[in-house]
Structures are given as structure tokens and as C-alpha cells.
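The values are calculated or read from the model by the stated rules, or taken from the named source; none is laboratory data. Quick caveat, the model's predicted, so the values are computed rather than measured. Every residue, glycine as well, gets a Cβ built from its backbone with ideal geometry; the counts of neighbours run over all protein chains shown. Quick note on the areas: whole protein, heavy atoms, side chains included, nothing else; ligands and nucleic acids left out. Shrake-Rupley method; radii C 1.70, N 1.55, O 1.52, S 1.80 Å.
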Amino acid sequence: MKTKKKLASVMLAAAIAAAASVPAWATESFDLSVFQGIEGITAEQQSVKVDDTMVSGAIVWPTSYLQTANDEQPVGTVRVYPMVESLQDGDYMAFIFCCYPEEGTSPLFYEAELDIAGVTHTLETAPSMMDLALSEGARSSVTSPLTRDSLTMLQSLAEHRDEEIHGRLRGMPDIRQMYTTGSKEDVVMEFVLTQEDKDTLIDFYNRFGMAGGLREDNLRAIFGEE
């Protein structure tokens, strides 16, 4: 899928990004300035390889992301962060789930669910390249690209931001768990979205729209509908 291919570049860029001034360049219809100069938001220049071609663009994420991901957190913690990437062929948004399961385990999560106003929103997830940047912190991280379904989820989240939002990650036990316990049953990790994470997701969603990321031609392109 086109979206997932770009998603890998988002994660890799975040893992190895070095501080740099952000160029005015992005796609012609994307106004990167809505993310620049904002406290708590990091925007950096990047060059990534797409289909054997190096392309330039910009990547944006919450400043606290890498620090929080690499800090030790209580077992059972799940933090959710938005990422935005602007490349020559489209402007992308994704969600990173940083997970802190039980010591010695690293489940292979394939799906995330968020319960908002009585509706369960299901997001497909995949292993994140961000794992390359995690050492003593999060023992598992997965990513989910923006889709039509997650757009609906974000709109509902904005309407219910002051309510308690429950979620869960669902996945397979890793090989070590299957070997030691003999169990092949799915692992389910329950969590509650922090207010900080809710506010950050909504803020990035709004800024992504202000920048032009929600224009229909871009959505069709990143969703592979063209």
C-alpha cells in the first residue's frame, strides 16, 4: 500500500533526524508554517529514500515524543503521538503507539481500538521503525497511518475531548512468550488516553487541516484512491 510505504519513511526519519532548520519547501499546497515556531512542536528537514529515489521534505512531531519514548514508564502505559510528514507526492499523518508491556515481553500488536461516545474505532497497526530509537524505554511501538476511518475517529475525539477515552492494543505474543508460556492467545493491553495525548492529537489534526493536508486531492492520493 502506498500509505504504508511512506509510513516507514516517517518512522525512520524520526529515528535518525538531526536538528535542522525547516525549509519553506513542502508540497505546493501544504503550508508548513502552521507547525513552525510553536512551543512543543518539532519540525525538521528530512531526506528519505522512496522507490530508490531520494526526496526532500519535512517531518513534524510533538517535542516530548522522543524523550517520553526513551524514559522508563510504568508497566501498562500506552502513549499515543501524532506525526506529520510532507513529501513531494503527498502530505501524510500517522499515529505512534508507544507501549510499556510487562518486563521481558514485546507483543506484536496488529490493531488498536479507541472507544469514543459508545463507538469503537479500530485502527490497523504495524511495527514501527521507531523501535530503532528506543533503548531502555518503550519495549514495543506500533504505528497506524491516517485513513478514512481514523479521520472519523479524530473528528469524534475532538467532540468528546473532555470525556474519558478507553483504548486497547491487540496483538500476538512474541516468540519468547509463546515458548515460555505455551500460549498463542492474543495479548490485549488496555489503556486510557491521557488528556495531554488527546489535546496533542486534536491539535495536530487541526493544524494538518489548516496546512492543507485534509484537502480532498491529498486524501485521495495518500489513501491510494487515485
Members of the range 32-68 that are among the aromatic types (Phe, Trp, Tyr) and at pLDDT below 85
Tyr65
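Do we find that Ser128 is at pLDDT 75 or above, surrounded by 14 or more Cβ atoms within 10 Å (Cβ to Cβ) and within 25 Å of Gly90 (Cβ to Cβ) in this structure?
No; evaluated as a whole, the condition is false for this residue.
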Can you give me the number of residues within the range 107-124 that are open to solvent by less than 30 Å² (accessible area, probe 1.4 Å) and at pLDDT below 90?
2
Set Ser141, Ser156: member being modelled with pLDDT of 75 or more, surrounded by 22 or more Cβ atoms within 10 Å (Cβ to Cβ) and of a type in the set (Gly, Ala, Ser)
Ser141
Taking only the range 187-217 into account, find how many residues are touching a Phe, Trp or Tyr at 6+ places or on another chain (Cβ under 8 Å) and not aliphatic (A, V, I, L, M).
5
Is it fair to say Lys6 is within 14 Å of the chain's Cα centre (by Cα), at pLDDT below 70 and charged (D, E, K, R)?
yes
